[in-house]
Every structure is written in C-alpha cells, then in structure tokens.
Amino acid sequence: MSRWVSGEVVKLHQWSDDLYSIFIKAPIDGFEAGQFTQIGLGDEQKPLFRPYSFANAPFESVLEFYFNFVDKGGLTPQLVNLKTGDKIWVSKKASGRFTLATLAPAPSLWCFATGTGLGVFLSILKTEAAWQTFDKIRLVHSVPTVNLSSHHGLIESFLTQYPSQFRFIPIITREKHEHVYSQRMTELIEQKIIEAELGEEISAETAQVMLCGNPHMVKDMRALFEQRGMPLRIPGKGGNVTIESYWKE
C-alpha cells in the first residue's frame with residue numbers, strides 16, 4: 001500500500017514575498033497537533049517531498065502548511081506555482097512527538113518559535129486541550145523583519161478568547177518597532193528581560209518549554225534552559241524542554 005494519498009490544493013496564500021501557506025484537502029489519517037507530515041510532487045513511486053508541520057488543528061478539514069520560498073530549493077519553487085485544484089501528494093500518516101501529550105504538568109507553557117516554526121504552535125493553540133492543560137501560555141515569535149510575521153488575526157483571536165491565559169511576545173531583530181523587542185531571543189532569556197516585564201519566572205517548577213525553528217536557536221536556547229536546571233524532556237524520565245528543529249531546503 002502506498003504511503004501517499006492524493007490531495008488537492010484549495011488555495012495558496014502569500015503572506016509576503018517569500019512567505020506562504022498552502023491549504024490542501026487530502027484523506028489522511030488523524031494526527032495530533034504538533035506533528036508533521038510530508039508533502040510532495042511528481043511520480044507517486046518517487047515524488048520530490050519535504051516534511052512540514054501542520055499549522056491547522058486536527059479537527060479542521062483543510063490542511064495548512066506554512067513555508068518559506070527557497071529560490072534554489074527543490075520543492076518550494078514548485079509549490080509557489082500551484083493553483084487551486086492542482087494535485088499534490090500527502091503522506092497518509094503523520095509523525096512526531098512535539099505534542100502536548102509528551103509534556104509534563106506545569107502551571108505554564110512557553111512556546112518559542114523562529115520564522116515558520118510558528119505554524120506548529122498555531123496548530124497546538126487551536127486545540128482546547130492546550131488551554132485546559134496550562135494556566136498560562138506564552139508564545140514568543142522571532143523574525144528578522146516585520147513582513148516575515150503572519151497570522152495576526154488568529155493570534156489576536158487567542159488574545160481575545162483567552163485574555164487571562166495568553167500573552168504573545170513578538171521579536172523583530174533587524175527593525176525597530178514600538179512595543180516590540182529587537183534583541184535576540186537568547187539575550188532576552190539569558191537576561192530574563194521578558195520574565196521581568198511579565199513578572200513571571202521560567203523554571204523547572206513553573207514551566208514546560210517548547211522550542212521550534214532555526215536549529216541554532218534551538219541549540220542555544222536548550223543550553224540556556226539546561227543552565228537553569230531545565231533539561232531536555234524525555235517522556236517517562238522527566239525534563240522541561242521539548243524541541244523541534246527546522247532546516248531550509
């Protein structure tokens with residue numbers, strides 16, 4: 001039996017010059033928010049494919065995958081030329097353990113993302129389980145320039161629906177914007193700048209941490225949290241930090 005199912009492009013949304021979401025309908029198996037799958041083009045027996053995290057919630061019938069256009073990449077130059085109704089291969093089964101089920105109980109959940117790493121957290125935060133599991137959820141998202149930010153309406157809806165639980169902390173590192181941090185994420189955590197502003201502490205006793213995005217960010221942030229006594233989480237063995245690294249093509 002083939003690992004692939006035939007999907008159909010619903011639409012391609014361009015957030016900015018090189019930032020896109022592709023929306024697909026495909027008869028895949030169920031998945032957990034936080035997991036990823038593969039999408040591909042070409043011959044079913046040997047398609048050109050890449051892994052992408054779901055940005056949609058499991059209960060949504062249309063799949064969303066959030067990606068950067070890579071000029072010399074293999075797949076994204078083809079993805080950005082797809083039209084409504086075009087066919088695309090989607091892996092029938094999802095993979096990954098970057099999910100709420102792998103986390104330990106804690107008062108707060110801190111989600112740190114760079115770039116398109118935001119997408120996986122949108123999937124998680126669309127689920128009721130996230131808000132039922134944690135008293136506080138903090139989403140920290142870093143991009144170089146404001147045009148690389150997206151999903152503003154959805155994030156605003158979280159703020160409206162969960163005003164006492166949710167905080168969104170944007171970071172734009174190469175531009176200055178009012179009420180937006182411009183320091184690197186690692187600096188903000190090392191110096192406890194965000195925590196001081198919110199009057200909160202990220203510690204082994206108070207938080208579970210999820211890191212998704214640039215592998216250098218993930219590595220450096222993981223090291224900073226280890227210095228706080230918050231090691232990588234291994235289900236059944238403890239720990240506070242769960243990671244997912246993204247690479248360009």
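Laboratory data are not the source of any read-out in this text; all were calculated from the coordinates shown. Quick caveat: nothing in here was measured; it's all calculated off a predicted structure. Here the Cβ is made from the backbone with ideal geometry for all residues, glycine too, and neighbour counts use every protein chain on show.
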key: Mean projection area, nm², convex hull over Cα of segment 4-91   = 5.3 nm²
remark   = Rounded to whole Å, √(5λ) for the Cα gyration tensor eigenvalues of segment 91-203, largest first, gives 23, 18, 14
query = For segment 194-209, in order, what is each residue's ³J(HN,Hα) by Karplus, 6.51 cos²θ - 1.76 cosθ + 1.60 with θ = phi - 60°, in whole Hz (x at glycine and Pro)?
reply = 5, 4, 5, 5, 7, x, 10, 10, 9, 9, 4, 7, 10, 8, 10, 10
remark   = The extension gain from Lys87 to Val146, computed as 0.36 nm times the residue separation minus the Cα-Cα distance, is 18.0 nm
remark   = Listed residues Val146, Val180, Val120; largest mean-square fluctuation, Gaussian network over the chain with Cα springs below 10 Å, found at Val180
key: the chain - share of DSSP beta bridges that are antiparallel (%, nearest 5)   = 50 percent
Pairwise label distance in nanometres, Ala196 with Gln14, each label 7 Å out on the Cα-Cβ vector = 4.3 nm
note = Treating only Lys and Arg (+1) and Asp and Glu (-1) as charged, each at its beta carbon, one finds that segment 4-91 has a dipole about its Cα centre, in Debye to the nearest 20, of 160 debye
ask   = Dimensions of segment 130-190 along principal axes (Cα, Å, largest first)?
value = 36, 28, 17
ask   = HN-Hα J couplings of segment 97-113 from phi, Karplus 6.51/-1.76/1.60, θ = phi - 60°, integer Hz, Gly and Pro as x?
value = 10, 8, 10, 4, 5, 8, 8, 8, x, 6, x, 9, 10, 10, 10, 10, 9
task = Quickly rank 103-115, 55-67 as a protection proxy: mean count of other C-beta atoms within 10 Å, highest first.
result = 103-115, 55-67
note = Here the percent of antiparallel bridges among DSSP beta bridges lying wholly in segment 100-245, to the nearest 5, is 5 percent
request  = Describe numerically, in nm with one decimal, the distance between label points set 7 Å from Cα along Cα→Cβ at Ser2 and at His177.
outcome  = 4.2 nm
remark   = Output for segment 113-203: GluC sites (Glu not before Pro) sitting in coil per DSSP, at most 12 other Cβ within 10 Å, listed by number, reads Glu175, Glu178
ask   = Where the only charges are on Cβ atoms (+1 Lys, Arg; -1 Asp, Glu), what is the dipole of the chain about its Cα centre, to the nearest 20 debye?
value = 600 debye
message = At 0.36 nm per residue, and after removing the present C-alpha to C-alpha distance, how many nm does the segment from Val62 to Ile234 gain when stretched out fully?
response = 58.7 nm
key: At 1.002 mPa s and 20 °C, Stokes diffusion of the chain via Kirkwood alpha-carbon radius, µm² per second   = 114 µm²/s
